[in-house]
1. So which of 43, 71, 90, 100 ends up being touching a residue at least 12 places away in the same chain (Cβ under 8 Å), within 19 Å of residue 1 (Cα to Cα) and more than 12 Å from the chain's Cα centre (by Cα)?
2. Just to confirm my filter: which strands (runs of 3 or more DSSP E) fall fully inside region 1-82 and include at least 3 residues that are farther than 27 Å from residue 97 by Cβ, modelled with pLDDT of 95 or more and touching a strand residue (DSSP E or B) at 6+ places or on another chain (Cβ under 9 Å)?
3. What are the residues in region 48-73 that are surrounded by 11 or more Cβ atoms within 10 Å (Cβ to Cβ) and more than 20 Å from residue 24 (Cβ to Cβ), if any?
4. Which residue is surrounded by the fewest Cβ atoms within 10 Å (Cβ to Cβ), if the candidates are limited to region 74-87 and must be in contact (Cβ under 8 Å) with a residue 12 or more places away in the chain and within 17 Å of residue 14 (Cα to Cα)?
């Protein structure tokens with residue numbers, strides 16, 4: 001499970017989340033307060049908003065070709081960049097800070 005913060009000025013709303021899921025991954029299903037996405041190497045990804053944070057749980061298929069894996073990662077990173085306002089490099093920095101605090 002991953003937790004992503006939103007940069008100031010980036011709204012953590014269900015409407016915005018749905019709009020960006022459609023833009024980057026196409027269709028999704030709703031399961032209670034969670035959004036379920038299936039896309040290329042992602043067998044299942046569950047997203048939900050909790051206290052102005054995005055919570056993500058995902059299962060990936062390790063048996064896909066390299067091109068599909070790279071395309072999946074790029075799409076996922078672009079989605080998170082636009083949704084949270086943080087780049088992959090900034091998200092990694094936040095993750096490292098949290099790991100040090102444990």
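1. Checking each option against the conditions leaves just 43.
2. Filter on region 1-82 gives 29-31, 34-39.
3. 52 - this is the single residue of region 48-73 that is surrounded by 11 or more Cβ atoms within 10 Å (Cβ to Cβ) and more than 20 Å from residue 24 (Cβ to Cβ).
4. Step by step, filter region 74-87, then rank; the result is 82.
The values are calculated or read from the model by the stated rules, or taken from the named source; none is laboratory data. Quick caveat: nothing in here was measured; it's all calculated off a predicted structure. Here Cβ is always computed from backbone atoms with ideal geometry, including for glycine, and neighbour counts include all displayed protein chains.
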